[in-house]
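The values are calculated or read from the model by the stated rules, or taken from the named source; none is laboratory data. These figures come from a predicted structure and were not determined experimentally. Cβ coordinates were reconstructed from backbone atoms using ideal geometry, including for glycine residues, and neighbour counts include every protein chain displayed.
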Amino acid sequence: MIETPAVLSIGDGIIDAVELSPGNVENFPGGAGLNLAVGLARLGLASQLVTRFGLDRYGFLIERYLREEGVRIFNAPNVDFTGVAFSRRRNGEPTYEFTPEMYRRRIAFTEDVMIAIENAASIAVNSFPFDDTSQTDALVEALSPAIGLIVVDPNPRPRLIHDMAAYRAGAERAMAKAALVKLSDEDAGLFYDGDRDAAIGRLFGLGVEALLLTHGSEGASLHTRSGLSVSVPVAAPMKPIVDTMGAGDATLATVIAFILRQGMPGNAEDWRLCLTEAMQVAAATCAHAGGGLVLPEMRLKAQG
């Protein structure tokens with residue numbers, strides 16, 4: 001029997017309060033860490049999530065959702081409420097407002113979490129309070145014994161960050177531990193003034209092996225320290241775009257699953273296959289409300 005690779009995601013577990021139409025708000029369990037963990041589970045991996053949410057009605061909603069999705073939860077006792085991100089959509093693109101709890105988000109690296117980090121085939125950090133030095137110190141120390149693939153998506157959200165320079169510095173400390181880093185064009189703009197070459201050079205200088213860049217409607221590209229560079233366009237949507245939230249997390253989840261199942265691609269063609277699959281999953285995800293990964297219909301038929 002082939003053992004299913006275990007992936008440990010570290011990041012936000014919150015409620016996305018989405019205004020689907022004026023006055024019509026629906027609550028979805030969300031957050032970058034949660035979306036990634038659920039996406040990995042839906043792709044058939046043994047998924048675990050280190051996060052923080054409250055012992056309140058929103059926290060119970062998140063816990064039930066994760067258990068239904070088959071995600072193992074590491075959530076240390078917490079006296080704070082669950083964070084909520086309220087978002088409105090314009091042409092499918094979200095704008096956010098955050099409750100005070102979002103600014104106090106903290107991750108606890110308990111003994112159980114440390115054991116999970118040491119045993120995971122991959123550890124993926126997706127959104128983290130990198131501008132908190134003590135939290136970054138704890139994360140970097142926790143990643144030190146990891147032998148699995150380390151992945152970092154800093155996912156900076158400007159309205160949550162008081163000091164972007166400090167956030168970037170903390171994120172770079174974590175990215176220096178990673179083999180794979182993901183940045184969106186917006187992230188590169190916040191960290192490196194939108195200079196793609198500067199971002200690539202900086203991260204390779206930190207020791208990153210592969211950099212996944214997402215370009216919104218222009219698709220995605222993959223760059224390796226060994227000199228490979230591959231770009232793919234977005235997939236033709238089978239259904240109209242409803243919501244772009246979660247597209248980046250779906251892309252990253254698909255890339256991680258590809259690497260764990262087939263190994264780190266060593267040539268341009270394999271990376272192209274990987275990115276093409278990721279774009280198909282992202283397109284399917286954008287055809288549904290909320291940030292949860294959605295498998296393309298053709299893949300669902302194949303699995304059935």
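Out of all the residues in segment 214-236, which are closer than 18 Å to Cys286 by Cα and either touching a His at 6+ places or on another chain (Cβ under 8 Å) or surrounded by 15 or more Cβ atoms within 10 Å (Cβ to Cβ) (or both)?
The first filter runs over segment 214-236 and keeps only residues closer than 18 Å to Cys286 by Cα, leaving 214-220, 232-236.
Thr214, His215, Gly219, Ala220, Val232, Val234, Ala235 - these are the residues of segment 214-236 that are closer than 18 Å to Cys286 by Cα and either touching a His at 6+ places or on another chain (Cβ under 8 Å) or surrounded by 15 or more Cβ atoms within 10 Å (Cβ to Cβ) (or both).
When you scan segment 153-192, how many residues do you find that are under 14 Å from the mean Cα position of the chain (by Cα) and either farther than 26 Å from Ser226 by Cα or surrounded by fewer than 19 Cβ atoms within 10 Å (Cβ to Cβ) (or both)?
2
Which members of segment 4-35 meet the condition of being farther than 16 Å from Phe81 by Cα and aliphatic (A, V, I, L, M)?
Selection gives Ala6, Val7, Leu8, Ile10, Val18, Leu20, Val25, Ala32, Leu34.
Looking at Leu43, is it more than 16 Å from Phe98 (Cβ to Cβ), touching a strand residue (DSSP E or B) at 6+ places or on another chain (Cβ under 6 Å), of a type outside the set (S, T, N, Q) and at pLDDT 95 or above?
On the way: more than 16 Å from Phe98 (Cβ to Cβ): yes; touching a strand residue (DSSP E or B) at 6+ places or on another chain (Cβ under 6 Å): no; of a type outside the set (S, T, N, Q): yes; at pLDDT 95 or above: yes.
No; evaluated as a whole, the condition is false for this residue.
When you scan segment 92-167 for strands (runs of 3 or more DSSP E) that lie fully inside it, which ones turn up with 1 or more residues that are closer than 27 Å to Leu203 by Cα and aliphatic (A, V, I, L, M)? Show your work before the answer.
On the way: elements: 93-98, 122-126, 149-153.
Counting at least 1 such residues, we get 122-126, 149-153.
Could you grab the pairs with beta carbons closer than 6 Å, sequence gap of 6+ or different chains, first residue in segment 4-22 and surrounded by fewer than 24 Cβ atoms within 10 Å (Cβ to Cβ), second one at pLDDT 85 or above and among the small types (Gly, Ala, Ser)?
Within 6 Å, the pairs are Thr4/Ala46; Pro5/Ala121; Ala6/Ala46; Ala6/Ala120; Ala6/Ala121.
Every residue in segment 101-125 that is crowded, with 18+ Cβ neighbours inside 10 Å, of a type outside the set (A, V, I, L, M) and modelled with pLDDT of 95 or more, please. Steps first, please.
Pass one, segment 101-125, residues crowded, with 18+ Cβ neighbours inside 10 Å: 101-102, 105, 107, 109, 113, 116-117, 120-125.
Subset that is of a type outside the set (A, V, I, L, M): 101, 105, 109, 122.
Within segment 101-125, Phe109, Ser122 qualify.
Is segment 232-250 home to any residue that is out of contact with any Gly (no Cβ under 9 Å at 6 or more places or on another chain), aliphatic (A, V, I, L, M) and under 29 Å from Phe98 (Cα atoms)?
So far as segment 232-250 goes, no, none of its residues is out of contact with any Gly (no Cβ under 9 Å at 6 or more places or on another chain), aliphatic (A, V, I, L, M) and under 29 Å from Phe98 (Cα atoms).
Take segment 29-87 and flag every residue that is farther than 21 Å from Arg104 by Cβ, acidic (Asp, Glu) and in a loop (DSSP other than H, G, I, E, B).
Glu69
Test of understanding: among Glu3, Glu26, Glu19, which residue is modelled with pLDDT under 95, on the phi < 0 side of the Ramachandran plot and outside any strand (DSSP E or B)? Before the answer, list the steps.
Working: Glu26 fails: outside any strand (DSSP E or B); Glu19 fails: outside any strand (DSSP E or B).
After ruling out the rest, the residue left standing is Glu3.
Can you name the residue in segment 27-50 that is free of Cβ contacts under 8 Å to residues at least 60 places away in the same chain and closer than 16 Å to Ala6 by Cβ and, of all such residues, is nearest to the chain's Cα centre (by Cα)?
Among residues in segment 27-50 that are free of Cβ contacts under 8 Å to residues at least 60 places away in the same chain and closer than 16 Å to Ala6 by Cβ, the one nearest to the chain's Cα centre (by Cα) is Ala37.
Go through (1) under 24 Å from Arg159 (Cβ atoms); (2) among the hydrophobic types (A, V, I, L, M, F, W, C); (3) buried (at least 22 other Cβ atoms within 10 Å of the Cβ) one by one and return the number of the condition Ala41 breaks.
Evaluating Ala41 over (1) under 24 Å from Arg159 (Cβ atoms); (2) among the hydrophobic types (A, V, I, L, M, F, W, C); (3) buried (at least 22 other Cβ atoms within 10 Å of the Cβ) leaves (1) as the failure.
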